[in-house]
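K.L.:
Sharing a structure with you now.
Derivation of every value follows stated rules applied to the coordinates shown; laboratory data play no part. Small disclaimer: the values here were computed from a predicted structure and weren't measured. Here the Cβ positions follow ideal geometry from the backbone for every residue, glycine too, while neighbour counts run over all protein chains shown.
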Amino acid sequence: MKLIILKNNLAEALFSVERSISTSGNLPILKNILISAEGERIIITATNLEMAVSHTCPGKISQQGRVTVPLGVFSSIIKNLNSERITLEAKEENLFIITDNYEATLQGTDPKEFPIIPEINTKNSFSIEAVDFLNSVKSVIIATQFSDIRPEISGVYIRYKEGKLIFVATDSFRLAEKTFQSVSISSNFDDVSFILPLHTAEELLRVINDSDGQINIFIDQNQILFSTKTKNIISRLIDGRFPDYEPIIPKETETEIIINRSELLSAIKLTSSFSGRTNDIHFEISENKKVMEIQSSEGSLGKNTYKIPIKLKGPSISVTFNWKYISDGLKTHSSEDVVFGFNSSEKPAAIRNPKDPSLVYVVVPIRR
Amino acid sequence: MEHESLWQNVLGEIELQVSRPNFLTWLKNSQLVEKSEKEGVVLVGLPNNFAKEWVKNRYHKLILGSLRNFDGSVRSVNYTVLAGSSPVVVLKQQKVGVKENKPPDELPLSRSLIDPETNLNPKYTLDSFVVGSSNELAFAAIQAVVSTVGKKYNPLFIYGGVGLGKTHLIQAAGNVIKERYNKKCKVLYVTSEKFINDVVWAVRNKRTEDIKKKYRDIDVLIIDDIQFIGGKPTTELEFFYTFNALYENNKQIIMSSDRAPAAIPTLEERLRSRFEGGMIADVTYPDYEMRLAILKTKCIEQGVSINQKTLEYIATKIQKNIRELDGVLNKVVFYEQYKNKEIDEKKLDEIIQETSHVSPKNITTNEIIKTVADFYEISQIDITNKGRKQEVVEPRQVVMYLLREVLKLSYPHIGEKLGKRDHTTVIHAHEKISKEITQNPSLNQKLLLIKERLYKT
């Protein structure tokens, strides 16, 4: 293999794949990337056997072939090179990195040892603008976290149904649901749902950006492929049934307040300095007042109260939350005001955008 | 050869031929999923798509060759991805922070039916409660309480043995009150364990006012298995205050226990007298007709039909525990649906055996005699002697009953052990006690205490 490539193009490809190598594990080759120059294309691939990312980059191929080298060393060489043009040449298992003033020989491994990236059945697919997909994932992903105990919720649940894409994430204490509807989604089936592992979702947000245009998504039985012009991300799907979450989202709420989002966010940040280890802060809403009191106290520290103007509809209520969950929920929204709806101090509360019903964030109060 | 052992043999052979990391990564979690004897096709399951591709492309010849070595009938191998296999790489370790001492409530993702506000399970209703002579008093008391919350029969204390429907009754009362008075009546159902935990939490975090608020700001307090608070002084004290606060404000208190207040040895006097101040109702063993009625109700609830004879048989065999009745019925229903045919008597006996047979630890004849003698404060010789004094008759009969029930000894053998008595004497004693315990609560109580001692030592 022999090729000439621009440093920036190579660095971009390395950025795409760098988090998809395996850092632990038995198989040392999983720390490697595969550089293949076959046909007209230069493709860089990395995998950790959970997912694989491959990035196609432009360059001039003068001799075809493939080579696999450890990502760590290769990446730090490329990052620190100051020449624009880089020649990569493979001789047997070794890779020569050559510029006009630099030369390195990097010991590689037999490319036959590199894992084979699984084929995916391309029968079921849909496509969507990258920017829409990324924004939707971004607005719910904060509500989930990695869990060994409940793998079925440590990911983003995505459902396509009748022209609508629904994104849901939860860690069982809060839940975010985003509905995206647009004519720009095209698909060849009516109803499909799958659970995307959290790590894959995070990688998608990191690797794919708005300039990628359309993403084509292919769904197989237990794996999924996200494909753009230059990037292919293949991942396993989480095996399991996502909980029946719909009944949890309160359809109506007894007490509703409209409140300025950024002011509430800073109020929570301020009052939370006194909250205890459970991160609890207390909302006190009374019918005859035009303000909500946000309180927190810790026996050994002291207490504080913040008054924040609200528009209230419904009866008084006092309710306690984990402030981190509220703050996360407010951050998923981007509107100026939010509607915060409560049903008693024990049932889940919902944060919505008054003008756009597509995103809802549900959070459970702390009882007692 | 069994699938598993065949595959183990194959893996053993392959392990020698590939490097250790390769073996661990690609083949460790593999399985032989199925093998069709006729065509000789073997289906091998692998943990993920990567492993499937790799094994298919690189190890196919090795696997096929090795399979043939062990089983000549194998012609070809196919590969599949195992569903539900765990991820190969753990991507991110969850940070283990400071353990929170009060876990926040979760979203009801598993769709639990329990109402978070009252802790009541809506499946318990008064309509589904089968009333018979053994529980009509308790049922009537509950009905009175439901219609006159807090005014009549306060506190209401219901006691009875395990699996006789106490929880059903008191939860149903809560559900009815909640429904009838809608939102005006705040109901709270807790087990005494939950109450104890709350007290412990509050004491540790110096927030006793929280419990006061939680438990005193309600209209109906229902506590299950109250006997467990006995012997826990702080909890008892806290409960005493709560009790008084509620009682003085005419709030209804409903409690259940496995024995009468007077029979909870560790309960403080002032609590006991308060428990006894209201209405005490007991739930005893259901009679045959009632057991049959319960079985029929359960059948209707589950929407299944079971042969009348089978139901009658179950009702005769299981006498002391409605939960066991339920368990046997469920197994029978499962069996019939699974096999798609009616159950026969032999299988039925097996199921009843499995469900109701508790395997006691090794208890000997002498231990039983000694425990009973100690309990009645008589000497062991009195039991085996010929004397017919009033005070030794009951203990002797109890010993016979226990030897028969617990150790399943034969009547003649029991007679032999207890001073060469005739087996008819033993039969009479066994029948007498069996009958008495359903009618005489104090004897039942004694037997429970004896059994408790017996199993404790």
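K.L.:
Quick one: Cα centre-to-centre distance for the stretch A:1-35 and the stretch B:387-457, in angstrom?
P.N.:
If we compute the Cα centre of each part, the gap is 81 Å.
K.L.:
Here's something else I'd like to know. Label the stretch B:365-456 by shape, choosing from rounded, prolate and oblate, from the square roots a ≥ b ≥ c of the eigenvalues of the Cα gyration tensor; if a/c is under 1.5 it is rounded, and otherwise prolate applies when a/b is larger than b/c, oblate when it is not.
P.N.:
It is rounded, given that a/c, with a ≥ b ≥ c, falls under 1.5.
K.L.:
Mind checking the stretch B:260-355 for GluC sites (Glu not before Pro) that DSSP puts in a loop (not H, G, I, E or B) and that have at most 11 other Cβ atoms within 10 Å?
P.N.:
When the GluC sites (Glu not before Pro) of the stretch B:260-355 are filtered for loop state and at most 11 Cβ neighbours within 10 Å, nothing remains.
K.L.:
Report, in degrees rounded to the nearest 10, the 0 to 90 angle that the Cα long axis of helix B:166-180 makes with the longest principal axis of chain B.
P.N.:
Long axis of B:166-180 versus the principal axis of chain B: about 90 degrees.
K.L.:
Now, a different point. How many angstrom separate the Cα center of the stretch A:86-162 from the Cα center of the stretch B:306-380?
P.N.:
Using only Cα atoms, the two centres lie 59 Å from each other.
K.L.:
Quote the FRET efficiency, to the nearest 0.05, computed for residue B:143 versus residue B:3 with a Förster distance R0 of 56 Å and r equal to the Cβ-Cβ distance.
P.N.:
E between residue B:143 and residue B:3, to the nearest 0.05, is 0.40.
K.L.:
Using a cut-off of 15 Å between beta-carbons, work out the net charge of the residues near residue A:188 (Lys and Arg +1, Asp and Glu -1, residue A:188 not included).
P.N.:
Local charge sum for residue A:188: -2.
K.L.:
Can I ask one more? Net charge near residue A:73, counting Lys/Arg +1 and Asp/Glu -1 over other residues with Cβ under 15 Å of its Cβ?
P.N.:
-1
K.L.:
Express the relative contact order of the stretch A:2-113 as a whole percentage, based on alpha carbon pairs under 8 Å and six or more residues apart in sequence.
P.N.:
With pairs under 8 Å counted, the relative contact order is 29 percent.
K.L.:
Going by alpha carbons, how many degrees (0 to 90, nearest 10) lie between the helix axis of B:365-376 and the longest principal axis of chain B?
P.N.:
30 degrees
K.L.:
What is the sum of charges, Lys and Arg at +1 and Asp and Glu at -1, for the other residues whose Cβ falls under 10 Å from the Cβ of residue A:135?
P.N.:
Cβ neighbours under 10 Å give a net charge of -1.
K.L.:
Further, regarding this structure: Between the alpha-carbon centers of the stretch B:211-234 and the stretch A:283-361, tell me the distance in whole angstrom.
P.N.:
Each part's Cα centre sits 31 Å from the other's.
K.L.:
For chain B, find the longest principal axis of its Cα atoms and tell me its angle to the long axis of helix B:136-147, 0 to 90°, nearest 10.
P.N.:
For B:136-147 against chain B, the angle is about 90 degrees.
K.L.:
Next question. For residue B:128, list long-range residues whose amide hydrogen, built 1.01 Å from N in the peptide plane, is under 5 Å from its own amide hydrogen.
P.N.:
none
K.L.:
In nanometres, what is the gap between the two model label sites at residue B:344 and residue B:405, each 7 Å from Cα along Cα-to-Cβ?
P.N.:
3.3 nm
K.L.:
If you take the charge dipole of the protein assembly as shown about its Cα centre, with +1 on Lys and Arg Cβ and -1 on Asp and Glu Cβ, which of A:243, B:244, B:165 is farthest toward its positive end?
P.N.:
B:244
K.L.:
While we're on this one: Identify the GluC sites (Glu not before Pro) of the stretch A:279-357 meeting these criteria: DSSP loop state and at most 14 other C-beta atoms within 10 Å of the C-beta.
P.N.:
A:287, A:336
K.L.:
For the protein assembly as shown, rounded, prolate or oblate, judged on the Cα gyration tensor with a ≥ b ≥ c (square roots of eigenvalues), a/c < 1.5 rounded, else prolate if a/b > b/c?
P.N.:
It comes out oblate by the Cα gyration axes.
K.L.:
Quick check on chain A: helices-only [θ] at 222 nm, where DSSP H runs of length 4 and up contribute -39,500 (n - 2.57) each and the sum goes over total residues. Nearest 500, please.
P.N.:
Mean residue ellipticity at 222 nm (helix-derived): -5000 deg cm²/dmol.
K.L.:
Right, another one. Shape of the stretch B:288-356 from its Cα gyration tensor (a ≥ b ≥ c, root eigenvalues): rounded if a/c is under 1.5, otherwise prolate when a/b > b/c, or oblate?
P.N.:
Cα axes put the stretch B:288-356 in the oblate bin.
K.L.:
Could you work out the relative contact order of the stretch B:136-283, using alpha carbon pairs under 8 angstrom and six or more residues apart, expressed as a whole percent?
P.N.:
After rounding, I find 39 percent.
K.L.:
Restricting attention to the stretch B:365-457, which chymotrypsin sites (Phe, Trp or Tyr not before Pro) occupy a DSSP loop and are surrounded by at most 12 other Cβ atoms within 10 Å?
P.N.:
none
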